[in-house]
Structures are given as structure tokens and as C-alpha cells.
1. Dipole of the chain, Cα-centred, from +1 at each Lys and Arg C-beta and -1 at each Asp and Glu C-beta, to the nearest 20 debye?
2. Take Met106, Met117, Met180 and order them by how many other Cβ atoms sit within 10 Å, fewest up front.
3. Before anything else, pin down the relative contact order of region 132-284: Cα pairs under 8 Å, at least 6 apart, normalised by residue count, whole percent.
4. Which one, Ala244, Ala34, Ala22, has the greatest fluctuation when you compute a Gaussian network model over the chain with C-alpha springs under 10 angstrom?
5. What is the helix-to-structure angle for 53-66, meaning the angle in degrees between its Cα long axis and the longest Cα principal axis of the chain, kept from 0 to 90 and rounded to the nearest 10?
6. Which order results if Asp93, Asp225 are arranged by neighbouring Cβ count within 10 Å, fewest first?
7. Per residue of region 70-80, what does 6.51 cos²θ - 1.76 cosθ + 1.60 with θ = phi - 60° give for ³J(HN,Hα)? Whole Hz please, x for Gly and Pro, Karplus curve as stated.
8. Within region 133-167, report the trypsin sites (Lys or Arg not before Pro) that DSSP leaves as loop and that have at most 13 other Cβ atoms within 10 Å.
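Laboratory data are not the source of any read-out in this text; all were calculated from the coordinates shown. Small disclaimer: the values here were computed from a predicted structure and weren't measured. Positions of Cβ are generated from backbone atoms using ideal geometry, with glycine treated the same way; all protein chains shown enter the neighbour counts.
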Amino acid sequence: YFNSNTILYLNGRFEKSADTNADLYGQSLHYGYAVFEGIRAYSTHNGTRIFKAREHFERLKRSAELVHIPFTWDINKLIKQTYRLLEINNLKDAYVRPLVYCPPAMSLIAAKEASIMICAWEWEAYLGHKLLKVSVSSFERPNPKSTPIEAKVSGNYVNSILATTEAKSKGFDEALLLDMYGNVAEAPGANIFIEKNGKLYTPPLGNILPGITRATVIELCHILDIEIIEKHLSVKDLKHADSAFFCGTATEIAGIASIDEYTFPLKWTETVGATIQRTYRSLVLEKQNYEVII
Ligand code: PMP
């Protein structure tokens with residue numbers, strides 16, 4: 001992710017990663033009290049473009065506000081500085097990781113100030129390009145009454161690490177977590193869609209992270225005239241579906257081969273998900289008329 005020449009953005013300045021340090025007495029390290037984002041920049045014919053930069057920085061701000069971390073930065077400036085960061089590090093296709101973290105304090109009182117760091121690196125699709133073998137996790141997503149699930153809070157990701165570790169230890173590629181009512185929620189770092197009879201279904205907002213890719217997929221469905229229904233889905237719905245896919249900034253669109261013992265009957269190339277995958281690619285690469293090149 002970095003070497004001694006990597007430049008980071010830290011509170012308005014660009015610094016060599018080797019010259020920066022983090023405080024060992026910070027609330028962020030001890031309590032997971034930090035918020036972050038995952039953004040992608042793509043090398044397009046219009047130059048390097050950060051996909052939905054504003055939406056991501058706005059979610060970062062909202063995440064901070066939801067857990068009472070002061071967010072004092074101007075979003076337009078942050079976007080400009082992120083472009084500059086990519087330029088300085090000579091990155092064209094990159095994953096961008098902003099992190100808002102808190103100064104030293106051992107108390108459980110909300111922070112009065114915070115720092116922002118942004119780093120970036122080249123990153124392949126997070127779950128690779130093959131169809132995924134997925135397992136329903138024994139871990140549930142956190143109850144939104146315990147922690148704001150719509151905020152990208154660092155501490156929430158212990159749940160994601162536990163689910164991922166469990167799935168991998170059982171020989172699967174990825175986990176699928178249910179919410180506290182036993183409905184399908186999301187993957188450790190991605191949202192899910194299923195296809196049944198040519199229509200797409202996805203869990204509604206409330207018990208999941210409101211994914212920016214999820215919102216993009218819904219927009220694409222409207223453009224492509226694909227019926228999309230947001231509703232609670234059971235594991236049974238999942239295991240009667242024709243196909244399914246995960247979506248997320250790092251993951252992009254990733255087809256799912258199977259859930260536990262159930263293999264989806266449709267060949268991936270013939271699924272609505274495959275159409276969405278091609279269209280999403282055209283969209284992030286800013287290909288003209290992306291809706292007609294599918
Ligand atoms: N759910 C979780 C738990 C995530 O961590 C992510 C990645 N941010 C997503 C869904 C997908 O969100 P997005 O499309 O905004 O990357």
C-alpha cells in the first residue's frame with residue numbers, strides 16, 4: 001500500500017509516509033472511534049476521474065457527525081486535494097482511503113477535534129474477478145440501535161473481519177451477513193442484489209451501509225429499464241434466486257456462484273448482474289453513451 005516515498009495527505013499538508021506517525025494513546029486506536037471512506041479513481045479518456053467523489057466525502061462527513069466526531073473540512077477542497085494526492089503519487093487507477101481520527105484521550109467522551117488523513121494505492125477488484133462461493137455467516141450485522149450502521153465507523157469493521165475470517169476458514173470466498181431479524185443484510189464490505197425472473201431485489205436501507213455503488217446500480221436499473229425492488233429478503237428468497245452479485249467501491253460488481261450448498265442456476269454471462277457489471281465499467285470509465293454499449 002505504501003513505501004518510503006509514498007505521500008499522504010494529512011490535515012491540509014502533503015507528507016512523506018515515513019515522516020508521519022500515529023499516536024498510541026488515541027481513541028481511534030483504542031476504541032475504533034474513527035470514520036473512513038473507500039473511493040476509487042479511474043483512468044478515463046478524460047484523465048483520472050474520482051468516481052462519485054462528492055457522495056463519498058459527504059458520507060464521510062455524515063459518518064463523523066453520526067458518531068460526534070467534528071468534521072471541519074470543506075468537501076470541495078478535500079476533493080481537489082485528493083486529485084492532487086493522486087497526481088503527486090503518480091496514480092491513475094487507484095483506491096483512495098480517507099480516515100478521520102481522533103487525538104489522544106483515554107476517555108469515552110466524544111472527541112472535540114479530529115484529524116484527516118488520505119492515502120491512495122493501486123488496488124485490484126477487492127474480491128477478484130472469479131465468481132464467488134459465499135457462505136451465510138454466523139455473525140449478524142450490528143444492530144442499528146447499538147451503533148449507526150449507516151456510518152462507516154472503523155470499530156464496526158471488527159464484525160466484518162470476524163465474518164470474513166469465518167467464511168475463509170470454512171473454504172468460502174466471502175461471507176453474507178444477516179441483520180438482527182434474520183433478513184439478508186450485506187457482505188463484510190459490499191451490498192448484495194439478487195435476480196429472480198429478470199427483476200433485481202436488494203435489501204432496503206436501515207440495517208445496511210447505504211452503499212454508493214448500490215445507489216449507482218439502482219440508477220443503472222432505471223436507465224436500463226430493469227425492474228428493481230428494495231425489500232427485505234430471507235435466506236429462502238436467496239436460495240430460490242436465479243443469480244446474485246455483490247457491489248461496492250472496492251469490489252465493484254462481483255458475481256456470486258453459490259450460497260452455501262445452493263448454486264445459482266443462471267450462467268453469469270446471461271444474468272442481469274453481468275449487464276450491470278458491463279454498464280458499471282463503462283460508467284466509471286466515462287465511456288460515452290454507456291447505456292447503449294452494453
Ligand atoms: N457494505 C459495507 C459493510 C461496506 O463496507 C461497503 C464498502 N464501503 C459497502 C457495503 C459498499 O459501499 P460502497 O458502494 O459505498 O463502497
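1. Around 320 debye, computed over the chain.
2. Starting with the residue having the fewest Cβ neighbours, the order is Met106, Met180, Met117.
3. That works out to 24 percent.
4. So, out of Ala244, Ala34, Ala22, the one fluctuating most is Ala22.
5. The two axes meet at around 70 degrees.
6. Asp225, Asp93
7. Those phi angles translate into x, 10, 10, 9, 7, 5, 4, 5, 4, 5, 4 Hz.
8. Lys145
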